[in-house]
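Structure first, then comments.
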Amino acid sequence: MDHDFSVIPFQPFPGVDGLEVYVFDVDLERQIIDAVFRFPVNDAVSLHRHVSQTNMLILEGELIIYEEDGSVRDRRTVGHYYVGIRDDVHTEGGGPDGAIVLYSVRGHGDPNVIELLDEKHNVIGALRFDDVVALQAMQA
């Protein structure tokens, strides 16, 4: 079955060139987020850590997970569901056709969803659950 993802009103993800997002739902009390991301063609985002468990379903294209040294850890393809690991450090990005990925985040009490890292794993920025609420409000 083909799906038309052009109907999703993606918006730029602040601070990450080329990455776009649409937030479907945020439950602050239970720390659950459901959002879809669109990754550009052959481009990876900055080094980061998924502080919360982040499960994903690949809807279109291919999502490539890279190790810190730039080597490919995994190629995630359409239709596959992946259970994330808390505190996983990596980069990720769209393959030759980009990627559209549904992320389902499950928090565990930490206010951060993702932490942006430098090469020594120092935290240089963070996306908090409250930030995702603000992103969703900007969609309205």
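Since every read-out is calculated from the coordinates, none of them should be taken as a lab result. This structure is a prediction, so every number in the text was calculated from the model and none was measured. FYI the Cβ positions are ideal-geometry reconstructions off the backbone, even for glycines, and counts take in every protein chain you see.
Miscellaneous remarks
- Under 5 Å between amide hydrogens, built in the peptide plane, is the criterion, and for LEU19 it picks out PHE13 among residues at least 5 positions away or on other chains.
- Sequence-distant contacts, meaning Cα pairs under 8 Å at least 6 residues apart, place the relative contact order of the chain at 28 percent.
- Cα-based shape type of segment 29-139, given that a ≥ b ≥ c are square roots of the gyration tensor eigenvalues and the cut on a/c is 1.5: oblate
- TYR82, TYR103 arranged by Cβ crowding within 10 Å, fewest neighbours leading: TYR82, TYR103
- For segment 1-55, the Kirkwood radius over C-alpha pairs fed into Stokes-Einstein at 20 °C and 1.002 mPa s yields D = 163 µm² per second.
- Taking the number of Cβ atoms within 10 Å of each Cβ as an exposure proxy, the fewest-first ranking of GLU68, GLU60, GLU119 is GLU119, GLU68, GLU60.
- Cα centroid of segment 42-83 to Cα centroid of segment 84-104, whole Å: 3
- Count Lys and Arg as plus one, Asp and Glu as minus one, and take only other residues whose Cβ is under 14 Å from that of ASP43; the net charge is then -4.
- Per-residue ellipticity at 222 nm from helix content only, as computed over the chain with -39500 (n - 2.57) for each DSSP H run of at least four residues, stands at -2500 deg cm²/dmol.
- Proxy reagent accessibility, fewest Cβ within 10 Å first, across HIS90, HIS121: HIS121, HIS90
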